Amino acid sequence: MAFVPSVAGRIHLAITFVLVTCGVLVGACLGFLAGGRTPALVAATAAGVGAGAGALLARRQVLAHLRPAGGTAGRPGGYTEGVSDAVRVSIAMYQAAVFPLTPGGVGEEERAARRTVAYRLAAFDGLPLAVRLSAAAALEALDQGTDPERAQAAMKALSLTVYEHRGTAGP
């Protein structure tokens with residue numbers, strides 16, 4: 001069975017090839033300008049070996065940055081964090097419609113649209129369970145629409161839950 005590197009590995013190999021080739025060419029040019037064929041050969045060899053060794057030593061760190069972080073159902077961790085943040089923002093937009101700064105500043109149609117978006121995002125299966133539960137509590141407080149302090153406390157709890165689940169994998 002042949003070894004087939006990942007896409008990130010192939011990209012790193014291609015970049016390494018280009019770097020080594022450029023190192024050899026620059027080394028050869030500088031060596032030739034410095035004294036002829038022998039210094040050109042020595043400088044090209046040294047530059048090529050140095051570039052190749054540096055790329056080989058840095059391979060693990062480079063590939064670690066290209067590999068997705070742990071996430072939910074094969075998704076990168078940043079994806080779940082982004083959706084959690086989108087839920088938080090959509091519920092905050094719904095909160096602004098429920099408790100507008102200007103009386104009558106938000107129409108009923110816009111309020112309903114913001115509520116729909118908030119509920120749809122909060123129902124996403126890829127969210128961690130704690131974020132979904134906290135979002136449900138915030139939505140319940142907003143749907144009652146009578147106590148801005150309770151809604152603010154629920155939003156604060158949601159924000160803290162989203163923050164606590166950064167970098168964790170799985171729902």
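Going by what's in this entry, would residue 108 be described as out of contact with any Pro (no Cβ under 6 Å at 6 or more places or on another chain), farther than 18 Å from residue 162 by Cα and of a type in the set (Asp, Glu)? So residue 108 passes the test. Can you find even one residue in the stretch 110-125 that is more than 13 Å from residue 90 (Cα to Cα), crowded, with 20+ Cβ neighbours inside 10 Å and within 27 Å of the chain's Cα centre (by Cα)? There is no residue in the stretch 110-125 that is more than 13 Å from residue 90 (Cα to Cα), crowded, with 20+ Cβ neighbours inside 10 Å and within 27 Å of the chain's Cα centre (by Cα). For the stretch 13-34, filtered to residues that are of a type outside the set (Ser, Thr, Tyr) and surrounded by 18 or more Cβ atoms within 10 Å (Cβ to Cβ), the residue that is farthest from the chain's Cα centre (by Cα) is 31. Just name the residue that is nearest to the chain's Cα centre (by Cα) out of those in the stretch 82-109 that are among the hydroxyl-bearing types (Ser, Thr, Tyr) and within 13 Å of residue 138 (Cβ to Cβ). Going through the qualifying residues, I end up with 84.
For the stretch 137-165, enumerate the residues that are aliphatic (A, V, I, L, M), without any contact (Cβ under 8 Å) to a residue 40 or more places away in the chain and farther than 15 Å from residue 93 by Cα.
To start, the set of residues in the stretch 137-165 that are aliphatic (A, V, I, L, M) comprises 137-139, 141-142, 151, 153-155, 157-158, 160, 162.
Keeping just the survivors that are without any contact (Cβ under 8 Å) to a residue 40 or more places away in the chain gives 137, 141, 153-154, 157, 160.
Those that are aliphatic (A, V, I, L, M), without any contact (Cβ under 8 Å) to a residue 40 or more places away in the chain and farther than 15 Å from residue 93 by Cα: 137, 153, 157, 160.
Quick grid of which residues meet (1) surrounded by fewer than 19 Cβ atoms within 10 Å (Cβ to Cβ); (2) at pLDDT below 90; (3) in a helix (DSSP H, G or I):
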residue	(1), (2), (3)
80	no, yes, yes
92	yes, no, yes
131	no, no, yes
141	no, no, yes
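The values are calculated or read from the model by the stated rules, or taken from the named source; none is laboratory data. Here the structure is a predicted model, which is why all the values come from computation and not from measurement. Here the Cβ is made from the backbone with ideal geometry for all residues, glycine too, and neighbour counts use every protein chain on show.
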